[in-house]
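One structure is given here, and the rest of the page talks about it.
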Amino acid sequence: MSVREEDLEVGEETVTRLRVALLMLARRLRTTSGEEGLTPTQYGVLATLERDGPVRAGDLAIAEALNPTMLSRVLGHLEERGLVERSADAGDRRSTWARATGSGRRLVRRLRRRRSALLLERMDRLDEADLRALLAALPALEALAGVRAPAAVAAGGEPA
C-alpha cells in the first residue's frame, strides 16, 4: 500500500470496503439496463453514442474498450432493436459511423432517470451526517474514477 502521511494510511481493509461498496452500488445501477433487455456493454455503447453523437466504429471500440468484432455484434443487436443506425463513411468505405436513433436516445434518457431515482432513493435513506459526507466526497470519487463533472452536468445536464 502507498502511504502519503502516517495519519492518512489506507489499509487493505479500507480498500476492500470501498471496492465492495462501489461494486455493489454499480451492480444495482446496472440492473436498470437489464430491465430493458440490454447488457451493460450494450447500454455503455448506446449511452456513448447518445452523449457523443455519431462516432466512427473504430473510435467507439477504443472508447468502450471493445475489440472490433465484439463492437460489431453489439451494434448489430442495437441496430436490430432500432436503437442505433450504422452508415458507411463517404470518405473511407472501410470505416463505419454509428449513431443513436431517436428511440435509442429516449431509452438512454429513461435509464438515466431510473438510475438517478435509484440513487436518490438510496441517498434518502442516509442520515444527515452520512449524506453530507457523501456529498463532500463527490469530487474525490470523481477523481478516483478519472472523471470530472462537465460544465453541462454542473448546470443540470446529464452525463452518460
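Per-structure values
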{"item": "Pair list, Cβ < 8 Å and 6+ apart or interchain, from region 1-22 residues that are within 17 Å of A140 (Cβ to Cβ) and assigned to a loop (DSSP other than H, G, I, E, B) to residues that are at pLDDT below 90 and of a type in the set (S, T, Y)", "result": "V10/S2"}
{"item": "Any chance G37 is closer than 23 Å to R81 by Cβ, out of contact with any helix residue (DSSP H, G or I) (no Cβ under 7 Å at 6 or more places or on another chain) and surrounded by 13 or more Cβ atoms within 10 Å (Cβ to Cβ)", "result": "no"}
{"item": "Complete set of residues in region 89-116 that are farther than 26 Å from R27 by Cβ, aliphatic (A, V, I, L, M) and not in a loop (DSSP other than H, G, I, E, B)", "result": "A98"}
{"item": "Test: G44 is under 26 Å from V147 (Cβ atoms) and either within 19 Å of the chain's Cα centre (by Cα) or outside any helix (DSSP H, G or I) (or both)", "result": "yes"}
{"item": "Matching entry among R105, R115 (being closer than 24 Å to V147 by Cα and more than 13 Å from the chain's Cα centre (by Cα))", "result": "R105"}
{"item": "Unmet criterion (only one of (1) at pLDDT 95 or above; (2) more than 22 Å from P40 (Cβ to Cβ)) for R93", "result": "(1)"}
{"item": "Matching residues in region 40-50 - criterion: being crowded, with 16+ Cβ neighbours inside 10 Å, in contact with a helix residue (DSSP H, G or I) (Cβ under 8 Å, 6 or more places away or on another chain) and not hydroxyl-bearing (S, T, Y)", "result": "Q42, V45, L46, A47, L49, E50"}
{"item": "Residue that is among the β-branched types (V, I, T) and in contact with a strand residue (DSSP E or B) (Cβ under 9 Å, 6 or more places away or on another chain), where the choices are T48, T39, T31, T69", "result": "T48"}
{"item": "Residues that are of a type outside the set (A, V, I, L, M), outside any helix (DSSP H, G or I) and surrounded by fewer than 14 Cβ atoms within 10 Å (Cβ to Cβ), drawn from region 55-88", "result": "N67, G82, S87"}
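The values are calculated or read from the model by the stated rules, or taken from the named source; none is laboratory data. Keep in mind it's a predicted model, so treat the numbers as computed, not measured. With ideal geometry, Cβ positions are generated from the backbone for all residues, glycine too; neighbour counts draw on all protein chains shown.
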